[in-house]
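Working notes for the structure below.
The values are calculated or read from the model by the stated rules, or taken from the named source; none is laboratory data. The model shown is predicted, which means the values in this text are computed figures rather than measured ones. Calculation scope for accessible area: heavy atoms of the full protein, side chains included, ligands and nucleic acids excluded. Shrake-Rupley method; radii C 1.70, N 1.55, O 1.52, S 1.80 Å.
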Amino acid sequence: MIWWLRVHRTAALLGLTTAVTVLSIGLGPIGMLFPSFGGGAPFAMIPVAAVGPLVLAIAAGASISRAPFPAPARRTDLLELSTVLVVIGLVCAIGAVGLALGADPAVSLAIIRNTIAFCALAMASRAVLGDRYQSVPGVLYLLVAGLFGRGTPDRPAVWAGIVTTNTELTYWLFVAPIVIVAAVVTVGRSARRVGGWGNSN
C-alpha cells in the first residue's frame, strides 16, 4: 500500500482534486466561451464545472497508470478502483461543504455529477483502449457536447448534460449508462487479468 501511494503520487492527486474542486466551486457559474452548432447563438458558455471534473478524471487516470503494481491482478484492480472512488468521494465531500457554506448549489451538484461521469468514462476507456488513450473519449465528449449539444441556454440536449449546471433530474440521466458501461467493462477487464495472472503462475 505504501508503495502504491508513493509511486502513484496519490497525495498529489488528492491535493489537485481538492484545489480544482474548491476553485471550480469558488468560481461559481463562470464559463468559457465556446463555439456552438446546436442551435441558438453561434457561441455558448461551457461552465468551469464541466472542465474541472475532466481535469480530475485525466489526473486520476494518469495516477493509476504510472507504474505496474507487483501484486496479483485482483489486488491491483481494487487499488485502481479505490483511487478513483476516493477522488469522487473527496469531490462529493467538498461539494457538500460548499453547499453548507452557501456555495451555488447548482455548481456544486454539477461538479459532483460531472466528476462521476468523467471518471466512469475514463475507467471504461482504460479497459477498452488502454492507459495511453483513456482520456481521449472524455475530451471528445466534452468537445462534441459543447459544439453540438448546447441548444437553448441552460437547456442542452439530455446527452450533453455535462455542459450545463442545470440540476433537473433529466440532466443526471446521461450519467447512468456511462457508469453501467464502466462497471461492465471494468469487471470484464479484471476477470481477464486475473485469469491471465493465474495461468502465468
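I'd like the accessible area for F118, computed on protein heavy atoms only with a 1.4 Å probe and all protein chains in place. Round to 10 Å², please.
Accessible area of F118: about 10 Å².
Ordering W159, W172 from largest to smallest accessible area (1.4 angstrom probe), what's the sequence?
The ranking, largest first, comes out as W159, W172.
Give me the accessible area per residue for the range 116-175, probe 1.4 Å, as a whole number in Å².
45 Å²
With a 1.4 Å probe and every protein chain left in place, tell me how much accessible area M32 has, in Å² to the nearest 10.
90 Å²
What ranking of C119, C92 comes out by heavy-atom accessible area, probe 1.4 Å, highest first?
Putting C119, C92 in descending order of accessible area: C92, C119.
Go through the range 25-34 residue by residue and turn each phi into a ³J(HN,Hα) via Karplus (6.51, -1.76, 1.60, θ = phi - 60°); whole Hz please, and just put x for glycine and proline.
The phi angles translate into 5, x, 6, x, x, 4, x, 10, 5, 8 Hz.
Accessible area of the range 76-182 with a 1.4 Å probe: how many percent of it is carbon plus sulfur?
Values: 3520 of 4630 Å².
Roughly 76 percent of what the probe reaches on the range 76-182 is carbon or sulfur.
Taking each pair of different alpha-carbon atoms in the range 86-150 once, compute 1/r for the pair, average those values, and report the inverse of that mean as the Kirkwood hydrodynamic radius in Å to one decimal.
In the range 86-150 this quantity evaluates to 13.0 Å.
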